[in-house]
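Down below is the structure, laid out as C-alpha coordinates.
The values are calculated or read from the model by the stated rules, or taken from the named source; none is laboratory data. These numbers come from a predicted model, not from an experiment. When we count neighbours, we look across all protein chains shown, and the Cβ atoms used for this are built from the backbone with ideal geometry, even at glycine. In case anyone asks, the SASA skips ligands and DNA or RNA and just uses the protein heavy atoms, side chains included. Shrake-Rupley method; radii C 1.70, N 1.55, O 1.52, S 1.80 Å.
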Amino acid sequence: MSRANLDRVVSEIADEMRQRPDRGEVASYIPELARVDSKSFGLVVIDAEGHVAVAGDSETPFSIQSISKVFTLTLALGKAGDRLWRRVGREPSGSAFNSIVQLEHERGIPRNPFINAGAIAVTDVILSGHQPREVLGEILRFMRFLADDSSVAIDEAVAASEQRTGFRNIALANYMKSFGVLDNPVDFTLGVYFHHCAIAMSCRQLAMAGRFLAHLGRNPSTGLSVVPPERARRINAVMLTCGHYDGSGEFAYRVGLPGKSGVGGGILAIAPGKASIAVWSPGLDASGNSHLGRIALEALTKRLGWSIFGA
Ligand code: GLN
(Lines give C-alpha, C1' and ligand atoms only; values in the text may rest on other atoms or scores of the structure.)
Protein backbone atom coordinates (compact mmCIF):
# COMPACT_ATOMS: atom_id res chain seq x y z
CA MET A 1 0.00 0.00 0.00
CA SER A 2 1.64 3.22 -1.10
CA ARG A 3 1.33 6.25 1.16
CA ALA A 4 -0.27 8.29 -1.60
CA ASN A 5 -2.87 5.58 -2.16
CA LEU A 6 -3.69 5.36 1.55
CA ASP A 7 -3.96 9.16 1.82
CA ARG A 8 -6.25 9.23 -1.20
CA VAL A 9 -8.59 6.50 0.09
CA VAL A 10 -8.83 8.14 3.53
CA SER A 11 -9.69 11.58 2.14
CA GLU A 12 -12.14 10.15 -0.43
CA ILE A 13 -14.01 8.34 2.34
CA ALA A 14 -14.16 11.47 4.51
CA ASP A 15 -15.56 13.45 1.54
CA GLU A 16 -18.17 10.78 0.89
CA MET A 17 -19.20 10.69 4.55
CA ARG A 18 -19.56 14.47 4.66
CA GLN A 19 -22.22 14.24 1.96
CA ARG A 20 -24.35 11.58 3.61
CA PRO A 21 -27.57 12.83 5.19
CA ASP A 22 -28.07 9.78 7.47
CA ARG A 23 -25.94 10.36 10.53
CA GLY A 24 -27.74 8.49 13.34
CA GLU A 25 -28.63 9.94 16.75
CA VAL A 26 -26.16 11.55 19.14
CA ALA A 27 -26.29 9.91 22.60
CA SER A 28 -28.31 12.01 25.02
CA TYR A 29 -28.57 9.79 28.12
CA ILE A 30 -25.31 11.39 29.23
CA PRO A 31 -26.49 15.02 28.92
CA GLU A 32 -23.02 16.44 28.26
CA LEU A 33 -22.54 14.20 25.19
CA ALA A 34 -25.66 15.66 23.55
CA ARG A 35 -23.84 18.99 23.12
CA VAL A 36 -21.47 17.59 20.49
CA ASP A 37 -21.83 18.74 16.86
CA SER A 38 -23.43 15.81 15.03
CA LYS A 39 -21.73 16.83 11.78
CA SER A 40 -18.23 16.16 13.10
CA PHE A 41 -16.30 13.47 11.28
CA GLY A 42 -12.69 12.39 11.68
CA LEU A 43 -10.67 9.49 10.30
CA VAL A 44 -7.04 8.54 10.96
CA VAL A 45 -5.11 5.49 9.76
CA ILE A 46 -1.57 4.80 10.99
CA ASP A 47 0.22 2.10 9.02
CA ALA A 48 3.02 -0.25 10.11
CA GLU A 49 5.70 2.25 9.01
CA GLY A 50 4.14 4.97 11.15
CA HIS A 51 2.67 6.94 8.25
CA VAL A 52 -0.37 8.87 9.47
CA ALA A 53 -3.22 9.37 6.97
CA VAL A 54 -5.75 11.92 8.25
CA ALA A 55 -9.05 13.41 7.13
CA GLY A 56 -11.75 15.61 8.62
CA ASP A 57 -11.80 16.49 12.32
CA SER A 58 -8.84 14.29 13.08
CA GLU A 59 -7.40 16.55 15.81
CA THR A 60 -10.60 17.30 17.74
CA PRO A 61 -10.78 15.52 21.11
CA PHE A 62 -14.01 13.61 21.73
CA SER A 63 -15.27 11.45 24.59
CA ILE A 64 -13.83 7.97 24.03
CA GLN A 65 -16.39 6.38 26.40
CA SER A 66 -16.39 2.60 25.99
CA ILE A 67 -13.26 2.57 23.84
CA SER A 68 -11.46 3.10 27.16
CA LYS A 69 -12.53 -0.46 28.03
CA VAL A 70 -9.88 -1.86 25.66
CA PHE A 71 -7.19 -0.12 27.66
CA THR A 72 -8.58 -0.95 31.11
CA LEU A 73 -8.80 -4.59 29.98
CA THR A 74 -5.14 -4.39 28.96
CA LEU A 75 -4.19 -2.99 32.39
CA ALA A 76 -6.31 -5.56 34.26
CA LEU A 77 -4.77 -8.46 32.33
CA GLY A 78 -1.36 -7.02 33.19
CA LYS A 79 -2.31 -6.99 36.86
CA ALA A 80 -4.33 -10.19 37.26
CA GLY A 81 -3.34 -12.29 34.21
CA ASP A 82 -5.77 -15.10 33.42
CA ARG A 83 -7.30 -14.83 36.90
CA LEU A 84 -9.26 -11.91 35.44
CA TRP A 85 -11.47 -14.40 33.61
CA ARG A 86 -12.89 -15.62 36.93
CA ARG A 87 -14.58 -12.21 37.26
CA VAL A 88 -15.73 -11.67 33.71
CA GLY A 89 -16.50 -13.89 30.71
CA ARG A 90 -15.45 -13.51 27.10
CA GLU A 91 -18.58 -14.40 25.17
CA PRO A 92 -20.67 -12.01 23.10
CA SER A 93 -23.68 -10.84 25.06
CA GLY A 94 -26.26 -10.47 22.30
CA SER A 95 -27.83 -7.72 24.37
CA ALA A 96 -27.52 -3.97 24.92
CA PHE A 97 -24.36 -2.43 26.38
CA ASN A 98 -26.16 -1.51 29.61
CA SER A 99 -28.35 -4.61 29.93
CA ILE A 100 -28.93 -6.20 33.34
CA VAL A 101 -30.86 -9.38 32.37
CA GLN A 102 -27.95 -11.79 31.95
CA LEU A 103 -26.40 -10.86 35.27
CA GLU A 104 -29.11 -12.65 37.25
CA HIS A 105 -28.80 -15.89 35.26
CA GLU A 106 -25.02 -15.81 35.43
CA ARG A 107 -24.79 -14.93 39.12
CA GLY A 108 -23.27 -11.51 38.72
CA ILE A 109 -20.48 -12.54 36.32
CA PRO A 110 -20.76 -10.27 33.25
CA ARG A 111 -20.56 -11.85 29.81
CA ASN A 112 -17.53 -9.90 28.59
CA PRO A 113 -15.26 -6.96 29.52
CA PHE A 114 -16.79 -4.59 26.95
CA ILE A 115 -20.40 -4.39 28.11
CA ASN A 116 -20.85 -1.92 30.95
CA ALA A 117 -21.17 -4.55 33.69
CA GLY A 118 -17.99 -6.29 32.49
CA ALA A 119 -16.04 -3.06 32.28
CA ILE A 120 -17.14 -2.10 35.79
CA ALA A 121 -15.85 -5.50 37.04
CA VAL A 122 -12.55 -4.90 35.20
CA THR A 123 -12.24 -1.43 36.74
CA ASP A 124 -12.81 -2.99 40.17
CA VAL A 125 -9.86 -5.37 39.57
CA ILE A 126 -7.55 -2.48 38.66
CA LEU A 127 -8.74 -0.50 41.67
CA SER A 128 -8.02 -3.15 44.33
CA GLY A 129 -5.14 -2.14 46.57
CA HIS A 130 -5.21 1.49 45.39
CA GLN A 131 -7.09 4.72 45.88
CA PRO A 132 -9.39 5.82 43.02
CA ARG A 133 -7.22 8.87 42.35
CA GLU A 134 -4.06 6.74 41.97
CA VAL A 135 -5.77 4.36 39.56
CA LEU A 136 -7.13 7.17 37.43
CA GLY A 137 -3.64 8.59 37.31
CA GLU A 138 -2.34 5.20 36.17
CA ILE A 139 -4.96 4.88 33.43
CA LEU A 140 -4.29 8.41 32.20
CA ARG A 141 -0.52 7.88 32.21
CA PHE A 142 -1.03 4.69 30.20
CA MET A 143 -3.14 6.52 27.61
CA ARG A 144 -0.61 9.35 27.35
CA PHE A 145 2.23 6.87 26.96
CA LEU A 146 0.41 4.91 24.25
CA ALA A 147 -0.71 8.03 22.40
CA ASP A 148 2.75 9.55 22.89
CA ASP A 149 0.99 12.75 23.88
CA SER A 150 0.94 14.24 27.37
CA SER A 151 -2.08 16.42 26.57
CA VAL A 152 -4.58 13.52 26.80
CA ALA A 153 -6.98 14.43 29.63
CA ILE A 154 -10.24 13.56 31.35
CA ASP A 155 -13.23 15.77 30.49
CA GLU A 156 -14.49 16.46 34.01
CA ALA A 157 -17.80 17.88 32.76
CA VAL A 158 -18.58 14.59 30.98
CA ALA A 159 -17.57 12.54 34.04
CA ALA A 160 -19.75 14.67 36.33
CA SER A 161 -22.64 14.49 33.87
CA GLU A 162 -22.51 10.70 33.83
CA GLN A 163 -22.05 10.49 37.58
CA ARG A 164 -25.28 12.49 38.03
CA THR A 165 -27.32 10.43 35.58
CA GLY A 166 -25.67 6.99 35.59
CA PHE A 167 -28.56 5.20 37.29
CA ARG A 168 -28.27 2.08 35.15
CA ASN A 169 -24.57 1.68 35.82
CA ILE A 170 -25.18 2.29 39.53
CA ALA A 171 -27.80 -0.47 39.43
CA LEU A 172 -25.45 -2.85 37.56
CA ALA A 173 -22.64 -2.24 40.03
CA ASN A 174 -24.86 -2.74 43.10
CA TYR A 175 -26.28 -5.90 41.59
CA MET A 176 -22.81 -7.34 40.97
CA LYS A 177 -21.75 -6.29 44.47
CA SER A 178 -24.64 -8.36 45.88
CA PHE A 179 -23.08 -11.44 44.26
CA GLY A 180 -19.66 -10.57 45.67
CA VAL A 181 -18.20 -9.84 42.23
CA LEU A 182 -16.91 -6.36 43.20
CA ASP A 183 -14.30 -6.04 45.97
CA ASN A 184 -14.27 -2.27 46.39
CA PRO A 185 -16.96 0.18 47.53
CA VAL A 186 -19.40 0.62 44.63
CA ASP A 187 -18.96 4.42 44.66
CA PHE A 188 -15.20 4.10 44.26
CA THR A 189 -15.38 1.61 41.40
CA LEU A 190 -18.02 3.65 39.58
CA GLY A 191 -16.12 6.88 40.13
CA VAL A 192 -13.09 5.42 38.35
CA TYR A 193 -15.29 3.89 35.62
CA PHE A 194 -17.12 7.16 34.85
CA HIS A 195 -13.84 9.05 34.72
CA HIS A 196 -12.02 6.65 32.41
CA CYS A 197 -15.03 6.69 30.07
CA ALA A 198 -14.73 10.51 30.08
CA ILE A 199 -11.18 10.54 28.69
CA ALA A 200 -11.12 12.83 25.66
CA MET A 201 -8.88 11.97 22.70
CA SER A 202 -8.64 12.88 19.03
CA CYS A 203 -8.70 10.29 16.26
CA ARG A 204 -4.96 10.78 15.86
CA GLN A 205 -4.27 10.13 19.54
CA LEU A 206 -6.56 7.13 19.59
CA ALA A 207 -5.07 5.56 16.48
CA MET A 208 -1.62 6.04 18.01
CA ALA A 209 -2.78 4.39 21.23
CA GLY A 210 -4.07 1.34 19.34
CA ARG A 211 -0.87 0.62 17.45
CA PHE A 212 0.39 -2.05 19.83
CA LEU A 213 -2.70 -4.13 19.08
CA ALA A 214 -1.97 -4.06 15.35
CA HIS A 215 1.65 -5.10 15.77
CA LEU A 216 1.89 -8.09 18.11
CA GLY A 217 1.84 -6.06 21.30
CA ARG A 218 4.54 -3.52 20.47
CA ASN A 219 4.75 -0.07 19.01
CA PRO A 220 6.66 -0.62 15.75
CA SER A 221 8.04 2.94 15.69
CA THR A 222 9.56 2.96 19.17
CA GLY A 223 10.05 -0.81 19.48
CA LEU A 224 8.56 -0.60 22.98
CA SER A 225 6.59 -3.67 24.03
CA VAL A 226 3.23 -3.04 25.71
CA VAL A 227 1.93 -6.61 26.02
CA PRO A 228 3.19 -10.03 24.84
CA PRO A 229 2.04 -11.00 21.30
CA GLU A 230 -0.37 -13.62 22.61
CA ARG A 231 -2.16 -11.05 24.77
CA ALA A 232 -2.54 -8.63 21.86
CA ARG A 233 -4.04 -11.43 19.79
CA ARG A 234 -6.53 -12.25 22.54
CA ILE A 235 -7.58 -8.65 23.12
CA ASN A 236 -8.20 -8.37 19.37
CA ALA A 237 -10.30 -11.55 19.51
CA VAL A 238 -12.51 -10.10 22.26
CA MET A 239 -12.80 -6.85 20.30
CA LEU A 240 -13.95 -8.75 17.23
CA THR A 241 -16.58 -10.81 19.06
CA CYS A 242 -17.75 -8.30 21.70
CA GLY A 243 -16.54 -4.81 20.74
CA HIS A 244 -19.84 -3.58 19.33
CA TYR A 245 -22.34 -5.12 21.80
CA ASP A 246 -25.33 -6.48 19.97
CA GLY A 247 -23.93 -5.08 16.72
CA SER A 248 -20.70 -7.13 16.89
CA GLY A 249 -21.84 -9.68 14.31
CA GLU A 250 -22.87 -6.95 11.90
CA PHE A 251 -19.55 -5.15 12.37
CA ALA A 252 -17.58 -8.35 11.70
CA TYR A 253 -19.77 -9.05 8.66
CA ARG A 254 -19.42 -5.60 7.14
CA VAL A 255 -16.00 -4.37 8.30
CA GLY A 256 -14.15 -7.58 9.21
CA LEU A 257 -11.77 -6.10 11.80
CA PRO A 258 -11.49 -6.19 15.58
CA GLY A 259 -13.07 -2.94 16.74
CA LYS A 260 -14.34 -1.15 19.81
CA SER A 261 -16.99 1.52 19.78
CA GLY A 262 -18.03 4.16 22.31
CA VAL A 263 -21.22 6.18 22.70
CA GLY A 264 -19.19 9.32 22.02
CA GLY A 265 -19.24 8.11 18.40
CA GLY A 266 -15.68 6.86 18.18
CA ILE A 267 -14.47 3.48 16.91
CA LEU A 268 -10.96 2.06 17.25
CA ALA A 269 -10.37 -0.65 14.64
CA ILE A 270 -7.31 -2.85 14.27
CA ALA A 271 -6.03 -4.26 10.98
CA PRO A 272 -3.51 -6.81 12.34
CA GLY A 273 -0.04 -6.34 10.89
CA LYS A 274 -1.26 -3.40 8.83
CA ALA A 275 -2.72 -0.46 10.71
CA SER A 276 -4.46 1.11 13.66
CA ILE A 277 -7.54 3.09 12.65
CA ALA A 278 -9.70 5.61 14.53
CA VAL A 279 -12.92 7.09 13.23
CA TRP A 280 -15.32 9.53 14.88
CA SER A 281 -18.84 10.52 13.96
CA PRO A 282 -21.13 11.22 16.95
CA GLY A 283 -24.44 9.93 15.52
CA LEU A 284 -25.22 6.39 16.70
CA ASP A 285 -27.22 3.46 15.34
CA ALA A 286 -29.76 1.47 17.35
CA SER A 287 -27.04 -0.63 19.04
CA GLY A 288 -25.22 2.51 20.24
CA ASN A 289 -22.38 2.30 17.70
CA SER A 290 -21.27 5.15 15.41
CA HIS A 291 -23.46 4.98 12.32
CA LEU A 292 -21.17 6.71 9.83
CA GLY A 293 -18.09 5.40 11.59
CA ARG A 294 -19.08 1.85 10.71
CA ILE A 295 -19.97 2.80 7.14
CA ALA A 296 -16.61 4.57 6.73
CA LEU A 297 -14.70 1.55 8.06
CA GLU A 298 -16.64 -0.76 5.76
CA ALA A 299 -15.63 1.39 2.78
CA LEU A 300 -12.02 1.50 3.99
CA THR A 301 -11.54 -2.25 4.45
CA LYS A 302 -13.30 -2.97 1.17
CA ARG A 303 -11.11 -0.57 -0.83
CA LEU A 304 -7.87 -1.65 0.84
CA GLY A 305 -8.70 -5.37 1.08
CA TRP A 306 -8.01 -5.23 4.81
CA SER A 307 -10.78 -7.43 6.24
CA ILE A 308 -9.19 -10.22 8.28
CA PHE A 309 -11.50 -12.60 6.43
CA GLY A 310 -9.97 -11.81 3.03
CA ALA A 311 -11.29 -9.63 0.22
N1 GLN B 1 -19.92 5.58 29.93
C2 GLN B 1 -20.88 4.94 29.08
C3 GLN B 1 -21.88 4.17 29.93
O4 GLN B 1 -21.45 3.58 30.87
C5 GLN B 1 -20.17 4.02 28.14
C6 GLN B 1 -21.11 3.28 27.24
C7 GLN B 1 -20.61 3.15 25.84
O8 GLN B 1 -19.73 3.87 25.38
N9 GLN B 1 -21.24 2.28 25.09
O10 GLN B 1 -23.06 4.15 29.68
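Helix 291-304 and the longest principal axis of the Cα set of the chain meet at an angle near 50°. Counting only residues at least eight positions apart within a chain, or on another chain, the aspartates and glutamates with an alpha carbon under 20 Å from that of residue 39 are 12, 15, 16, 22, 25, 57, 59, 285, 298. Within the chain, the longest run free of exposed loop sites, counting chymotrypsin sites (Phe, Trp or Tyr not before Pro) that sit outside DSSP helix and strand states (H, G, I, E, B) and have at most 15 other Cβ atoms within 10 Å, spans 30-178. Considering only 2, 88, 72, and ranking their Cα positions along the charge dipole of region 1-101 that arises from unit charges at the beta-carbon of Lys, Arg, Asp and Glu, the one farthest toward the positive end is 88.
Legend: translational diffusion of region 116-243 by Stokes-Einstein, Rh = Kirkwood radius over C-alpha pairs, 25 °C, 0.890 mPa s; D = 155 µm²/s. The charge dipole of region 159-221, taken about its Cα centre with unit charges on the Cβ atoms of Lys, Arg (+1), Asp and Glu (-1) only, comes to about 260 debye. Between helix 132-147 and the chain there is an angle of about 10 degrees, using the helix long axis and the longest principal axis of the Cα atoms.
Within the same chain, lysines fewer than 8 places from residue 274 are excluded, and of the rest, those with a Cα less than 23 Å from its Cα are 69, 260, 302. Annotation: aspartates and glutamates with alpha-carbon distance below 19 angstrom to residue 79 (same-chain offsets under eight excluded): 124, 134, 138, 183, 230. Relative to the dominant Cα principal axis of the chain, helix 3-18 is inclined by about 70°. With all pairs of separate Cα atoms included, the chain yields a Kirkwood hydrodynamic radius of 19.0 Å. Under the convention that each Lys and Arg Cβ holds +1 and each Asp and Glu Cβ holds -1, the size of the dipole of the chain around its Cα centre is about 640 debye. Normalised per residue, the accessible area of region 78-126 is 44 Å², obtained with a 1.4 Å probe and no contribution from ligands, DNA or RNA. Applied to region 166-174, the Karplus parametrisation 6.51 cos²θ - 1.76 cosθ + 1.60 on θ = phi - 60° returns per-residue 3J(HN,Hα) values of x, 4, 5, 5, 5, 5, 4, 5, 5 Hz, with x for Gly and Pro.
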